[in-house]
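Everything below concerns the one structure shown next.
The values are calculated or read from the model by the stated rules, or taken from the named source; none is laboratory data. Treat the numbers as computed from the prediction; the structure is a model and nothing was measured. Glycine also receives a Cβ, built like all others from the backbone with ideal geometry; neighbour counts cover every protein chain displayed.
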Amino acid sequence: MSKEKLNVRVVSDEEIHMSMRGLRSLIKPIRDKLEDFAQENGFNSRQIYEIKLAVNEALANIIKHGYKGEDVGDIELSVETNNMGDLEIAIQDFAEIVDMAKLVSRDLDKVEDRGLGLFLMNSLMDEVEYNLSQEKGTRLILKKKLKP
Amino acid sequence: MSELVEKTNDTAVITLQGELDVNNVDNLKSAIEAELQEGTGKILVDLKNVSYMDSAALGVLVSGLKRARLANAQFKLANVTGNVENIFKLTRLTKFFEIYTSVDEAVESF
């Protein structure tokens with residue numbers, strides 16, 4: 001895998017796969033690809049912003065808490081819509097499994113700058129699932145309905 | 001993302017442009033820090049031309065607000081609109097920040 005590059009494989013109009021090194025500079029190219037994909041699949045401007053932000057937060061969390069730094073490991077994304085038009089994004093990392101209990105979502109009654117990412121990811125998507133069944137790595141599934 | 005700092009007397013207006021995220025937010029952090037270090041008493045961040053913000057960018061603004069309070073400085077925002085405004089509302093940050101609809105209105109409020 002080329003280090004500074006986002007690798008994209010388009011399977012169809014409804015399915016793309018991407019892989020990247022865990023680098024923060026690659027989060028924007030991922031957002032741009034997601035914007036194109038979601039737009040082509042009928043999502044509106046607000047939904048697209050929310051999808052981009054949720055994935056942004058997931059990737060930033062993997063780099064910071066999973067890999068504990070930049071350029072430590074790889075991340076793979078598969079993005080597809082089902083026959084209802086709903087979006088499913090699977091994000092696979094290969095880091096040591098993060099104890100989710102230690103990641104705290106933000107307390108909205110306090111002016112805090114920690115925990116915002118997890119709060120946003122959970123709030124902006126219709127479903128968020130973690131698959132921790134493998135020995136190493138986490139598969140995060142984010143789902144967004146086309147029609148809320 | 002790019003930022004421009006315009007300074008008049010004790011007021012600094014930090015104008016941001018583009019997408020503000022975890023990869024470039026250190027510039028904003030440094031700009032706010034520099035103003036606080038210099039003893040600037042009134043700091044305004046203009047988000048008019050910001051099309052995207054992630055939690056790292058929101059975190060820098062929250063951190064700026066907290067640090068300004070500790071330094072007895074004022075820290076305000078202007079032009080929080082569209083999708084960025086939706087995220088401020090979702091995270092309830094609207095209740096912590098003083099937010100104005102224009103730079104002029106914000107500067108007058110100091």
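Miscellaneous remarks
- Only one entry in A:LEU26, A:LEU59, A:LEU53, A:LEU34 is facing another protein chain (nearest Cβ under 10 Å), more than 13 Å from B:ASN23 (Cα to Cα), among the aliphatic types (A, V, I, L, M) and part of a helix (DSSP H, G or I), namely A:LEU53.
- Number of the condition not met by B:ARG92 [criteria: (1) touching a helix residue (DSSP H, G or I) at 6+ places or on another chain (Cβ under 9 Å); (2) at the interface with chain A (Cβ under 7 Å from one of its Cβ atoms)]: (1)
- Beta carbons closer than 8 Å, at least 6 apart along the sequence or on distinct chains, pair a first residue in region B:60-82 that is more than 14 Å from chain A (Cβ to nearest Cβ) and of a type in the set (S, T, N, Q) with a second that is crowded, with 22+ Cβ neighbours inside 10 Å and outside any helix (DSSP H, G or I) for B:GLN74/B:ILE43; B:ASN79/B:ASP46; B:ASN79/B:LEU47.
- For region A:44-59, the count of residues that are modelled with pLDDT under 95, small (Gly, Ala, Ser) and within 19 Å of A:LEU142 (Cα to Cα) is zero.
- Any hit, region A:8-18, residues being part of a strand (DSSP E or B) and buried (at least 20 other Cβ atoms within 10 Å of the Cβ): yes
- Taking the listed residues B:LEU20, B:LEU16, the one that is farther than 24 Å from A:ASN61 by Cα, in contact (Cβ under 8 Å) with a residue 12 or more places away in the chain and either of a type outside the set (Lys, Arg) or within 14 Å of chain A (Cβ to nearest Cβ) (or both) is B:LEU16, with no other qualifying.
- Screening the candidates B:ALA73, B:ALA56 for the property of being surrounded by 18 or more Cβ atoms within 10 Å (Cβ to Cβ) and farther than 29 Å from A:LEU23 by Cβ yields one hit, B:ALA73.
- Given (1) surrounded by fewer than 19 Cβ atoms within 10 Å (Cβ to Cβ); (2) more than 12 Å from the chain's Cα centre (by Cα), index of the condition B:THR40 fails: (1)
- Restricting attention to region A:73-119, the residues being buried (at least 18 other Cβ atoms within 10 Å of the Cβ), of a type in the set (A, V, I, L, M), at pLDDT below 95 and not in a loop (DSSP other than H, G, I, E, B) number 2.
- Qualifying residue in region B:32-51 (condition: facing chain A (nearest Cβ under 10 Å) and not basic (Lys, Arg)): yes
- Reported count of residues in region A:120-148, each being assigned to a loop (DSSP other than H, G, I, E, B) and either surrounded by fewer than 16 Cβ atoms within 10 Å (Cβ to Cβ) or among the aliphatic types (A, V, I, L, M) (or both), is 11.
- Any chance A:LEU59 is buried (at least 23 other Cβ atoms within 10 Å of the Cβ) and hydrophobic (A, V, I, L, M, F, W, C): yes
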